[in-house]
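Undergrad: Before anything else, here's the structure in question.
The values are calculated or read from the model by the stated rules, or taken from the named source; none is laboratory data. These numbers come from a predicted model, not from an experiment. Counting neighbours? That spans all protein chains shown, and the Cβs are built from the backbone with ideal geometry, glycine included. The protein model used for the area step is the full one, side chains on, heavy atoms only, and it has no ligands, DNA or RNA in it. Shrake-Rupley method; radii C 1.70, N 1.55, O 1.52, S 1.80 Å.
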Amino acid sequence: MTSHVLPTYNRAPIAFERGEGSWAIAADGTRYLDLGAGIAVNALGHANPDLVAALTEQAGKIWHVSNLYQIPEQERLADLLAEHTFADQVFVTNSGTEAAELAIKMVRKYWSDQGQPDRIEIVTVEGAFHGRSTGAIAAAGSEKMTKGFGPLMPGFHPIPWGDHDALMAAITDKTAAVMLEPVQGEGGIRPLPDGVLRDLRAACDKTGALLVLDEVQSGMGRTGRLFAHEWAGITPDIMMVAKGIGGGFPLGAVLATDKAAAGMIAGTHGSTYGGNPLACAVGARVMEIIADPDFLDRVNRKAGLFRQKLEGLVAAHPDVFEGVRGMGLMLGLKCKVAPADVVKAGYDQHILTVPAADNVLRILPPLNITDAEITEAALRLDKAASSLA
Ligand SMILES: *Cc1c(COP(=O)(O)O)cnc(C)c1O
């Protein structure tokens, strides 16, 4: 049968009918241990009872309200985000891409309002991923995403990954902003060292450039802190959030300081769906659960356990794996074989993982995965690796 779905994805021949916590269940009842979590989206697992309750309760009241009116659920989500982060202001979106678009617009508006409308250069890092809109692909700049889609939006200045001297040297009095992921996700689970993040903050303070962090994948407890930049003890001026914040319901946000957001007055930006009551009711519940320090303590403990198991796998399969990287439950296994082959071998063991660039296998389980499931995951990955030998 021919599919009428635009074939922009290489899809595995598996379809899931329902989910339970860390498990995705196919129509024939086969249970797959889900270490991809919809690419860091199902942060609290599938069919989480608290989130089902938040969604269905709201669904019985009102689904959609235009942003022409007050939306109390949106106010509540914004209050929670402001309470737990650097942010003064929040704009709610439906996705990470939309958050990236607004972040870029906010930077341009800021400098325009400062009387420097030509100050548009945004320093980025190669291997980045900010989404698939025309702006976001220009920001990331990789040929894989941009080829055939030119001319690209101007103003982005990508620096090779790992060249921290070049990164610092690129930040001058002409730089509008620095925009990057504290831990690259698609790029291969590559954390920026804390010292580099601190140097970036200092360079931005010195030149006036805005620091824009993309925490779409690394945020919402994924690294063991609510947001990854907290490990470095710095704060950004603008931050993009999505993926985990909706726990599976489409939701994103841009967080900003009053200073960075000052130009975004009535009429400068908008979204029909962004901030609708359904998404915000779920997002607020996700925030309440993940921002709890006890929850984050548990994430860190589980991360230690998972990491130890993965180190064991690397030792047991030196021909398949090279090492473990990442922070918290944003983990990567650097492979000596094609990570897509490990993903495929995983399907046979009924375990879901996600490939990334830089020959890395991504492991992004639900943050509430149990210890027993972590042990089970290691067993299944061990079998998958053995099948490749
Ligand atoms: C997934 C991702 C995006 C894009 O988010 P969408 O919701 O797919 O639009 C942006 N930045 C990072 C770091 C991501 O991982």
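Undergrad: Name the residue that is nearest to the ligand (Cβ to nearest atom), counting only residues in the stretch 173-201 that are over 23 Å from the mean Cα position of the chain (by Cα) and either modelled with pLDDT under 95 or open to solvent by 60 Å² or more (accessible area, probe 1.4 Å) (or both).
TA: For the stretch 173-201, the residue satisfying everything is Lys174.
Yes/no per residue for (1) closer than 14 Å to Arg285 by Cα; (2) exposed (fewer than 13 other Cβ atoms within 10 Å of the Cβ):
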position: Glu20; (1), (2): no, no
position: Gly29; (1), (2): no, yes
position: Leu33; (1), (2): no, no
position: Ala43; (1), (2): yes, no
position: Ala47; (1), (2): yes, no
position: Ala59; (1), (2): no, yes
position: Gln70; (1), (2): no, yes
position: Gln74; (1), (2): yes, no
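Undergrad: Continuing with the same structure: Helices (runs of 4 or more DSSP H) wholly in the stretch 263-366 with at least 2 residues that are farther than 27 Å from Leu388 by Cβ and modelled with pLDDT of 95 or more - which ones? Don't jump to the end; show me each part of the working.
TA: Values: elements: 277-290, 293-316, 339-348.
Because the criterion is at least 2 residues that are farther than 27 Å from Leu388 by Cβ and modelled with pLDDT of 95 or more, the helices (runs of 4 or more DSSP H) in the stretch 263-366 that meet it are 277-290, 293-316.
Undergrad: Which of the residues spanning the stretch 367-379 are touching a residue at least 40 places away in the same chain (Cβ under 8 Å), in a helix (DSSP H, G or I) and open to solvent by 10 Å² or more (accessible area, probe 1.4 Å)?
TA: Keep residues of the stretch 367-379 that are touching a residue at least 40 places away in the same chain (Cβ under 8 Å), which gives 367-371, 373-378.
Keeping just the survivors that are in a helix (DSSP H, G or I) gives 371, 373-378.
Answer for the stretch 367-379, where residues must be touching a residue at least 40 places away in the same chain (Cβ under 8 Å), in a helix (DSSP H, G or I) and open to solvent by 10 Å² or more (accessible area, probe 1.4 Å): Asp371, Glu373, Thr375, Glu376, Ala378.
Undergrad: Within the stretch 149-158, is even one residue within 16 Å of the ligand (Cβ to nearest atom) and under 15 Å from the mean Cα position of the chain (by Cα)?
TA: No: zero hits.
Undergrad: Kindly provide the set of residues from the stretch 221-247 that are within 13 Å of the ligand (Cβ to nearest atom) and over 17 Å from Ala99 (Cβ atoms), ordered by number.
TA: Listed by number, the list holds a single entry, Thr223.
Undergrad: Somewhere in the stretch 250-258, is a residue open to solvent by 10 Å² or more (accessible area, probe 1.4 Å) and assigned to a helix (DSSP H, G or I)? Talk me through it step by step, then tell me what you get.
TA: Our first condition is that a residue be open to solvent by 10 Å² or more (accessible area, probe 1.4 Å); within the stretch 250-258, this holds for 250, 257-258.
The next check asks that each one be assigned to a helix (DSSP H, G or I); those that pass are 258.
Yes, the conditions are met somewhere in the stretch 250-258.
Undergrad: While we're on this one: Would you pick out the residues in the stretch 76-89 that are open to solvent by 80 Å² or more (accessible area, probe 1.4 Å) and among the β-branched types (Val, Ile, Thr)?
TA: Hits for the stretch 76-89: nothing passes.
Undergrad: Being more than 24 Å from Arg76 (Cβ to Cβ) and surrounded by 21 or more Cβ atoms within 10 Å (Cβ to Cβ): is that true of Cys335 here?
TA: Values: more than 24 Å from Arg76 (Cβ to Cβ): yes; surrounded by 21 or more Cβ atoms within 10 Å (Cβ to Cβ): yes.
Answer is yes for this residue.
Undergrad: Filter the stretch 206-217 down to the residues that are in contact with a helix residue (DSSP H, G or I) (Cβ under 8 Å, 6 or more places away or on another chain), in a loop (DSSP other than H, G, I, E, B) and more than 7 Å from the ligand (Cβ to nearest atom) and list them by number. Before you say what the answer is, go through the steps one by one.
TA: Initially, the stretch 206-217 is screened for residues in contact with a helix residue (DSSP H, G or I) (Cβ under 8 Å, 6 or more places away or on another chain), giving 209-217.
Next cut, in a loop (DSSP other than H, G, I, E, B) only: 209, 215-217.
Listed by number, the residues that qualify are Ala209, Glu215.
Undergrad: Tell me which residues, restricted to the stretch 130-147, are within 12 Å of the ligand (Cβ to nearest atom) and open to solvent by less than 60 Å² (accessible area, probe 1.4 Å).
TA: First, pick out the residues of the stretch 130-147 that are within 12 Å of the ligand (Cβ to nearest atom): 130-133, 135-137, 139-140, 145.
Those that are within 12 Å of the ligand (Cβ to nearest atom) and open to solvent by less than 60 Å² (accessible area, probe 1.4 Å): His130, Gly131, Ser133, Gly135, Ala136, Ile137, Ala139, Ala140, Met145.
Undergrad: How many residues are touching a Leu at 6+ places or on another chain (Cβ under 9 Å) and more than 19 Å from His229 (Cα to Cα) if we restrict to the stretch 299-331?
TA: Selection size over the stretch 299-331: 14.
Undergrad: Of the residues Gly224, Gly127, Gly150, which is open to solvent by 10 Å² or more (accessible area, probe 1.4 Å) and over 21 Å from Pro355 (Cα atoms)? Walk me through how you get there before you give the answer.
TA: Details: Gly224 fails: open to solvent by 10 Å² or more (accessible area, probe 1.4 Å); Gly127 fails: over 21 Å from Pro355 (Cα atoms).
Step by step, each of Gly224, Gly127, Gly150 is checked, and only Gly150 is open to solvent by 10 Å² or more (accessible area, probe 1.4 Å) and over 21 Å from Pro355 (Cα atoms).
Undergrad: When the stretch 227-244 is examined, which residues are found to be surrounded by 22 or more Cβ atoms within 10 Å (Cβ to Cβ) and part of a loop (DSSP other than H, G, I, E, B)? Spell out the reasoning first.
TA: Step one: list which residues in the stretch 227-244 are surrounded by 22 or more Cβ atoms within 10 Å (Cβ to Cβ), which gives 227-229, 236-244.
Result: Phe227, Pro236, Asp237, Ala242.
Undergrad: Something else now. Name the residues in the stretch 112-124 that are surrounded by fewer than 23 Cβ atoms within 10 Å (Cβ to Cβ) and either within 20 Å of Ala203 (Cβ to Cβ) or aliphatic (A, V, I, L, M) (or both), would you? Spell out the reasoning first.
TA: As a first pass, look at the stretch 112-124 and keep what is surrounded by fewer than 23 Cβ atoms within 10 Å (Cβ to Cβ): 112-121.
Those that are surrounded by fewer than 23 Cβ atoms within 10 Å (Cβ to Cβ) and either within 20 Å of Ala203 (Cβ to Cβ) or aliphatic (A, V, I, L, M) (or both): Gln114, Gln116, Arg119, Ile120, Glu121.
Undergrad: In this structure, is Val92 more than 12 Å from the ligand (Cβ to nearest atom), assigned to a helix (DSSP H, G or I) and surrounded by 23 or more Cβ atoms within 10 Å (Cβ to Cβ)? Spell out the reasoning first.
TA: Values: more than 12 Å from the ligand (Cβ to nearest atom): yes; assigned to a helix (DSSP H, G or I): no; surrounded by 23 or more Cβ atoms within 10 Å (Cβ to Cβ): yes.
Answer is no for this residue.
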